[in-house]
Each structure stands twice: as structure tokens, then as C-alpha cells.
1. Under a Cβ-only charge scheme (Lys and Arg +1, Asp and Glu -1), can you give me the dipole magnitude of the range 35-127 about the Cα centre, in debye to the nearest 20?
2. Among 70-76, 57-63, how do they line up by average Cβ neighbours within 10 Å per residue, starting with the highest?
3. In what sequence, highest mean first, do 86-95, 99-108 appear when ranked by Cβ atoms within 10 angstrom?
4. Beyond 22 Å between alpha-carbons counts as too far, so tell me which of Lys57/Lys123; Lys66/Lys112; Lys66/Lys127; Lys79/Lys123; Lys83/Lys127; Lys75/Lys123 fall in that bin.
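None of the figures in this text is laboratory data; all of them are computed from the coordinates on show. Remember, predicted model here, so these are calculated numbers, not experimental data. Quick reminder, even Gly has a Cβ in these numbers, built from the backbone with ideal geometry, and neighbours come from all protein chains shown.
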Amino acid sequence: MRTTSVIFTGLLIGTLASCSTIQISKTETTTPEQTVTFINEYPTQERVEYVLNCIAKHGGLTFVTKYACSCKIDKLAEKLSYKEYEEARTFTFMRSTPGEKGGVFRDPSQAKDLRTRLKEAEKRAEKLCFVK
């Protein structure tokens, strides 16, 4: 029992470490005085929750699922800002709300556009990260 929890804890720490990687974007002519733009604007907690949900969805915690799922959230972050990602998820979850109240989440062109962009980004991420 103790060995299993130690292994799980080690894999979870590895997952958290891979989620908190910061990628930095630099322009062609950077100087020390210029501000560096961070690509990684997703909160660590959101990344960890995404990775853990992905791992659960794909059969449990293994090295392969840990790598693939942490890769997948990184690829999503490349295509969607956190604000866009969060709005797309909200529109996706809430669009099944019945009646007029649900129309706010289903009908606007912004909602449809963001849902489409999220779906495309997820397909791209699954292809690039070998998520099955």
C-alpha cells in the first residue's frame, strides 16, 4: 500500500512539474530593457485539473497518459488564450441549458466561434500529443 502511494505521489509531482513549465516568446530584436511576453497565461490549477481529468478519461495514471495529457494542455494554450479557453468551455457546458436561458450560450456567433475553435484546438492537440 505504501509503495503504491509513493509511486502515485511521484507521478503526480511529475505531472505538476510538467504543467508549470513557462514558455517565453521573444521578438526578433530583443534587448534587456524590453518586456518579455509570457505565452503561458493558464493558471497552474487549471492546467493540473485539465491534466488529471484527461488522465482519468484515458484509462488512469501512466507515464504515457501523463505526458500526453500535459502536452495536450500546452498545445491548447498555444492556440487559445486562457480567456478564450475559459469562455469556450463555459459556452460548451452551458449550451445544453433548456429554453431562453440556454439561448444565451447557444445562439451568439461568438459562442459558436469559440466552441469551434476549442474543438479544432483539441483535435490538433490530440494529434500532436498522441492522445488516444
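1. Details: 18 positive and 14 negative charges, 70 e Å.
Taking the Cα centre of the range 35-127 as origin, the dipole is about 340 debye.
2. Peptide ranking by packing, descending: 70-76, 57-63.
3. Values: 86-95: 15.9, 99-108: 11.7.
In descending order of packing, they fall as 86-95, 99-108.
4. Result: Lys66/Lys112; Lys83/Lys127 exceed 22 Å.
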